[in-house]
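The values are calculated or read from the model by the stated rules, or taken from the named source; none is laboratory data. The structure presented is a predicted model; accordingly, all values stated were derived computationally and were not measured. FYI the Cβ positions are ideal-geometry reconstructions off the backbone, even for glycines, and counts take in every protein chain you see.
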Amino acid sequence: MAMRIVVDLNRCQSYGQCCFAAPTVFHFHNGESLEYDYAPDDAMQEQVWMAAKACPVQAISIGLDDEEYEALQNQVPHGQ
């Protein structure tokens, strides 16, 4: 499953727990602002989920990328 990450930067308090859990996905630029890969490789799924769980303010959301979402949406019947 291809994932898409969104971080609410207004909610983020820069605790850095995501950087410890998934350092190849999340890191601080110049020690201040959070930067992240919004569409990491599937191999990073477990680390990304751990990062989201570790966030004390729950600023990390994980969803499907656009192609996965459209594929699922096409499977849902639209009326009769």
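Looking across segment 38-61, the residues that are touching a residue at least 40 places away in the same chain (Cβ under 8 Å) and either over 13 Å from Cys18 (Cα atoms) or out of contact with any strand residue (DSSP E or B) (no Cβ under 6 Å at 6 or more places or on another chain) (or both) come down to Asp42, Gln45, Val48, Cys55, Pro56, Val57, Gln58.
Every residue in segment 34-61 that is aliphatic (A, V, I, L, M) and more than 8 Å from the chain's Cα centre (by Cα), please.
Keep residues of segment 34-61 that are aliphatic (A, V, I, L, M), which gives 34, 39, 43-44, 48, 50-52, 54, 57, 59-60.
Answer for segment 34-61, where residues must be aliphatic (A, V, I, L, M) and more than 8 Å from the chain's Cα centre (by Cα): Leu34, Ala43, Met44, Met50, Ala51, Ala54, Val57, Ala59.
Of the residues making up segment 35-80, not one is among the basic types (Lys, Arg) and at pLDDT below 95. Looking across segment 50-64 at every residue that is small (Gly, Ala, Ser) and outside any strand (DSSP E or B), the one that is surrounded by the most Cβ atoms within 10 Å (Cβ to Cβ) is identified as Ala51. When segment 17-49 is filtered for residues that are hydrophobic (A, V, I, L, M, F, W, C), assigned to a helix (DSSP H, G or I) and surrounded by fewer than 15 Cβ atoms within 10 Å (Cβ to Cβ), the ones remaining, listed by number, are Phe20, Ala43.
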